[in-house]
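Peer 1: Sharing a structure, written as structure tokens. Questions coming.
Readers should treat all values here as calculations from the given coordinates under stated rules, not as data from a laboratory. What you see is a predicted model, and the numbers here were worked out from it, not measured in a lab. Note that each Cβ is placed from the backbone with ideal geometry, even for glycine, and that neighbours are counted across all protein chains shown.
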Amino acid sequence: VPGEDDRAVVGMCQALVASGSAAVGDEAREDLARNTCKVAVAVVERDATLAASASAPEACLALTSLVLSLAETHERSVMEASADYFLMINTVPASARHPALRAPLFQRALAACARHAAFPAGFVSWRETPGEDRDAFHRFREQTLCDVLDNCFGMCGLDEPGGGYLGFVAAQLEGAASWQQAESALFMARAAASAAKRLVVRTRASVARERE
């Protein structure tokens, strides 16, 4: 039936927003936040074009806003659960995407990544940091966050207000109030190295073509 799949996706978005909104900023509802993000990923994987298109239904936009808010206000496990949501949104060409799901979305995601990339406050050693696992932390940064940050660099670039991705990283480094924040900024700079290299190669190729 034409439109039936679209209606199903919209219905799932509405249900997730209705149930998951209560978890925003509520530490006691970490499980709800994580599970909401996991189901949201399944929804956007079903139809990323509907969820992110220029004419995306309000329910889809509300779900994206919710997933981002959950990633911003909860701990690492929620960011990990939400990561594929942002990657799926970015599979839709920027030119065909809703304006709110271009640079503005990924600028906020970038800030969330900065917080989650930081070592725990008061960190001295993994042995003296209860509840934290060294391998899990580094795996999260090197796999999950690097993928999201690569997408953030692609969407934020260098020309957005504040200097884009690298401008954000520079501001984070300059304003760091702890070694954890400074190290997080340096990690983010390294995470964008491959994307920055691709940008330089494309720019050089474009300049070379113009000179021919």
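Peer 1: Let me see the P(r) profile for the stretch 14-94: every Cα-Cα distance counted, bins of 5 Å, each bin given as a percent of all pairs.
Peer 2: Result, from short to long distances: 3, 18, 30, 25, 15, 7, 2, 0 percent.
Peer 1: Identify which of G20, G175, G157 has the largest mean-square fluctuation in a Gaussian network model of the chain, with springs joining Cα atoms closer than 10 Å.
Peer 2: Looking only at G20, G175, G157, the biggest GNM fluctuation is shown by G175.
Peer 1: FRET efficiency for R7 and E75, Cβ-Cβ distance as r, R0 = 30 Å, nearest 0.05?
Peer 2: That pair, R7 with E75, gives E of 0.30.
Peer 1: Report the paramagnetic label zone for A54: residues of the stretch 79-108 whose backbone N is under 16 Å from a point 7 Å from Cα along the Cα-to-Cβ axis.
Peer 2: 92-103
Peer 1: Right, something else. With point charges of +1 on the Cβ of Lys and Arg and -1 on the Cβ of Asp and Glu, referenced to the Cα centre of the stretch 1-129, which listed residue (S55, M79, A111) lies farthest in the positive direction of the dipole?
Peer 2: Of the options given, the answer is A111.
Peer 1: Using Cα pairs closer than 8 Å and at least 6 residues apart in sequence, work out the relative contact order for the stretch 1-131, in percent.
Peer 2: Averaging sequence separation for qualifying contacts and normalising by length gives 27 percent for the stretch 1-131.
Peer 1: Using only the Cα atoms of the stretch 112-206, what semi-axes does the equivalent ellipsoid have when each is the square root of 5 times a gyration tensor eigenvalue? Give whole Å, largest first.
Peer 2: Each semi-axis is the square root of five times an eigenvalue, giving 28, 15, 9 Å.
Peer 1: I want to verify a result. In a Gaussian network model of the chain, Cα cutoff 10 Å, which of these has the top mean-square fluctuation: A171, A59, A28?
Peer 2: In this elastic network of the chain, the residue with the biggest mean-square fluctuation among A171, A59, A28 is A28.
Peer 1: Please identify, among A18, A81, A182, the residue showing maximal mean-square fluctuation in a Gaussian network model of the chain using a 10 angstrom Cα cutoff.
Peer 2: For the chain, modelled as a Gaussian network with Cα springs under 10 Å, the answer is A18.
Peer 1: Provide, as a two-decimal number, the C-alpha radius of gyration of the stretch 60-176 over 2.2 N^0.38 Å, N being how many residues it has.
Peer 2: For the stretch 60-176, the normalised Cα radius of gyration is 1.11.
Peer 1: If I stretch the segment between R115 and L158 completely, what's the gain in nm (0.36 nm per residue apart, minus their alpha carbon distance), one decimal?
Peer 2: 13.4 nm
Peer 1: Along the Cα→Cβ direction, 7 angstrom out, place labels at E142 and R190. What is the inter-label distance in nm?
Peer 2: A separation of 1.0 nm, rounded to one decimal place.
Peer 1: Would you mind giving the three semi-axes, in whole Å and largest first, of the ellipsoid equivalent to the chain according to its Cα gyration tensor?
Peer 2: The equivalent ellipsoid of the chain has semi-axes of 28, 27, 13 Å.
Peer 1: Given R₀ = 41 Å, what would the calculated FRET efficiency be for E210 paired with A176, taking r from the Cβ atoms and rounding to 0.05?
Peer 2: 0.55
Peer 1: Taking amide H positions as placed 1.01 Å from N in the peptide plane, with prolines and chain starts having none, which residues 5 or more places from S53, or on another chain, fall under 5 Å of its amide H?
Peer 2: H98
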